[in-house]
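The values are calculated or read from the model by the stated rules, or taken from the named source; none is laboratory data. Note that the structure is a prediction, hence the values are computed from the model and not measured. Here the Cβ positions follow ideal geometry from the backbone for every residue, glycine too, while neighbour counts run over all protein chains shown.
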């Protein structure tokens with residue numbers, strides 16, 4: 001395509017109405033501070049105290065920036081963990097165990 005030809009997008013005002021076949025995809029900027037999200041399924045939780053205990057233990061793990069526990073009384077509860085990087089599965093299991101519960 002020469003400088004006198006339009007790009008073909010039809011939206012930039014370059015004057016071309018021909019399709020150049022060029023596709024440009026614009027995405028979000030790369031985040032150099034990307035966070036990791038981990039989801040745990042936990043058995044045995046029955047109340048708000050259970051939620052508080054699990055939350056406290058998980059927050060003590062290095063790199064954890066946020067913990068949200070969704071209680072499912074009589075079922076499998078969920079812990080959504082945000083961290084600055086990948087977390088060790090053994091550390092997660094140990095934290096849940098220390099709180100008195102087990103991973104599903």
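Surrounded by 13 or more Cβ atoms within 10 Å (Cβ to Cβ) and at pLDDT below 95: does that describe residue 74?
no
If you go through the range 16-36 one residue at a time, do you hit one that is surrounded by 13 or more Cβ atoms within 10 Å (Cβ to Cβ), closer than 16 Å to residue 96 by Cβ and modelled with pLDDT of 80 or more?
no
Residue 75 fails exactly one of the following numbered conditions: (1) within 14 Å of residue 103 (Cα to Cα); (2) under 14 Å from the mean Cα position of the chain (by Cα); (3) outside any strand (DSSP E or B). What is the number of that condition?
(2)
Give the residues of the range 47-66 that are in contact with a helix residue (DSSP H, G or I) (Cβ under 8 Å, 6 or more places away or on another chain), surrounded by 13 or more Cβ atoms within 10 Å (Cβ to Cβ) and touching a residue at least 24 places away in the same chain (Cβ under 8 Å), sorted by residue number.
Passing the criteria: 54, 57, 58, 61.
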